[in-house]
Every structure is written in C-alpha cells, then in structure tokens.
1. Using each residue's phi in region 71-82, evaluate 6.51 cos²θ - 1.76 cosθ + 1.60 at θ = phi - 60° and report the 3J(HN,Hα) Karplus result to the nearest Hz, with x for Gly and Pro.
2. Search the structure for amide H atoms under 5 Å from the amide H of VAL87, placed 1.01 Å from N in the peptide plane, and list their residues when 5 or more places away or on another chain.
3. If r is the Cβ-Cβ distance from ASP46 to ARG130 and R0 is 25 Å, what FRET efficiency results, to the nearest 0.05?
4. Expressed in nm to one decimal, what extension gain is obtained for the pair ASP138 and ASN54 from 0.36 nm per residue of sequence separation less their Cα-Cα distance?
5. Roughly speaking, what is the stretch gain from GLN67 to SER34, that is 0.36 nm per residue apart minus the C-alpha to C-alpha distance, in nm to one decimal?
Amino acid sequence: MDQKLWLCSWFQPLLMLLLLPSAASYCPSPCRCSTSTGIVDCSRSDLSTKSLPNSFPSTTKTIWLSQNNLVSIPNGLLDRMPQLTEVYLQQNPWHCDCDILYLRTWLQGQQQRGLYRNITCMSPETLRGRVIMYLTEDELMATCQYWYCNMALLSQLGLFVFICIQGILLIFIILSLRRFQKIAREAQRTAKELKQNSESYAYDNIPLFNYDRT
C-alpha cells in the first residue's frame, strides 16, 4: 500500500509537467498562434462575442481581435494571461451598455493607454463615437435601466405566479380536508349504525327461559 502511495506522489507532478506544455501551446480555433512570440492572431475571423474563444494560451503576450463583430468581451477573459501586454480591438461594433463594463475596467488598468484611445462605441446612439476607456459608470448604468425594469417585471410576474400556485394548493388542501372530514363522519355514522344493529340483533336473539314453579 505504501509503495502505491509513493508511486502516486511521483506520478501526479510528472503528469502535470507533461500537460503544461500542451496547455501553453494550445491555440483556439479559428485563431493563429505563434508560440515563439506569444502572439495570438484572431483578427478578421468573423468572431462575435458568443463565438469568441473561452480561453487563450497562458503564455500569450499579444492578442489581435481587430476587424471582427465583437460587441463586448466576456468577464475575466483577459485576466487569465499574466504575460499579456497588448490587445488589438480596433474595428469592432462595440455596444456600450452593462456588458462593456468589464472591457472598460480592463482598458483603464492598462499602462499603454495610447493603444486604446481609438476603441469607441458603435451603439447605442447616445454613446456612439465615445472612447470606451473614458466612459463613466453613470453613463453605462443609464443604458442598463431597461434591463433592471425587465428584471423587476419578471420578478413581479414570478411572484404573482408563485402566489397563484400557493392559492391553488391551499384550495386543494382545504377541499381535501373537507372531503376527509366527510368520509370520517360517514365512517363514524356507519360504525355507529353497525354497532346499534349488532346490539339489536343480540338483544332479539336472547333465549327466553320458562321457569316451572309447580
């Protein structure tokens, strides 16, 4: 048993070392990767926010995402590469609402801000042409009011449905209890009648004795 544990303790680190190079050299489709330079080129790949790769090689230094159909970047996507220094985001139809908050925060935290001063909003119309990096939180939250209204409406609708279901269940329980009480009363009545009939039958079948006193 100790020998097996010893082998496992050596095998697991060895397996991790074997898997690390493959994870680092992984190149998501339809991008083109260069392991020597750490460049991942996903430009002109007709990528949308939904079809954007979920991850990139951990050794990535530069990502090209220009000339696609991106409207936002999924939360946390650009935080998983410690060596990442540049992301090219030009010529995408960025939609500046709640979903753009992550990209805005990430851009504001970059040292090379000059690289991102031409990353602007395509929509909504009120923010068209604005530099994403310089958008205020109040401006973005204002575009999310419709989302909060829809959520509030859905919550109220869900609460109404929940109350209706509770009402139906309560009515069902009340009707079931009444039916049970009715059945119980009928059972008691039947038992009482059977008892009375059995007592009457026993009384009618008592033998009569004639005593001869002569």
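No lab work stands behind these numbers, since they all come straight from the coordinates. No experiment lies behind these values; they were computed from the predicted model shown. All Cβ positions, glycine included, derive from the backbone under ideal geometry; neighbour counts span all protein chains shown.
1. 10, 6, 10, x, 4, x, 4, 8, 9, 9, 10, x
2. ILE63
3. The value I calculate is 0.45.
4. In short, 27.3 nm is gained.
5. 9.9 nm
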